[in-house]
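Below is one structure, written out as C-alpha cells; the observations come after it.
The values are calculated or read from the model by the stated rules, or taken from the named source; none is laboratory data. Model, not experiment: these values are computed from the prediction. Cβ atoms come from the backbone with ideal geometry, glycine included; neighbour counts cover every protein chain shown.
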Amino acid sequence: MGWIAILAICVLLIIITLASLPKLGDERKNFIRMKAQSYAFTVVIGVLLLEIVKLIYVTFWTEASYDGISPFPFLLVISIIYLIALLFLKRKYGG
C-alpha cells in the first residue's frame, strides 16, 4: 500500500509541476519537458542494461533463476527521476 501512496504523490507533484509550466514561454516549457524526459529515458535505458547484465550472469554463472524486473517499483523510480529532473530544470530554466 505504501508504494501506491508514493506513486500517487509523485504523479500529483508531476501534474502540479507541469501545470505551472504554461506561464513560461512555449519554447522554454517544451525544452524543460523534453530535457526531463530525456533524463528519465537515460535512467530507464541504464536500468534495463543492468538488468540484462544481471540476467546473463544469473543464467550462465549461477544455479539460480532470474526473477525479472518488478514493474511497480521500476515505475516508481522512473516517476521520481522524472519529477526530480522536472523540478530541477524548471528551477534552472524557469527564470
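Per this entry, E27 is not counted among residues that are among the charged types (D, E, K, R), outside any helix (DSSP H, G or I) and surrounded by fewer than 14 Cβ atoms within 10 Å (Cβ to Cβ).
The sole residue among V44, V77 that is modelled with pLDDT under 90, among the aliphatic types (A, V, I, L, M) and closer than 21 Å to W3 by Cβ is V77.
Among the residues of segment 6-24, those identified as surrounded by 11 or more Cβ atoms within 10 Å (Cβ to Cβ) and at pLDDT below 70 are L21, L24. Residues that are of a type in the set (S, T, N, Q) and either touching a residue at least 12 places away in the same chain (Cβ under 8 Å) or surrounded by 14 or more Cβ atoms within 10 Å (Cβ to Cβ) (or both) within segment 53-93 comprise just one, S79.
Only one of (1) more than 27 Å from T17 (Cα to Cα); (2) exposed (fewer than 13 other Cβ atoms within 10 Å of the Cβ) fails for I45. Which number is that? Here I45 clears every test but (1).
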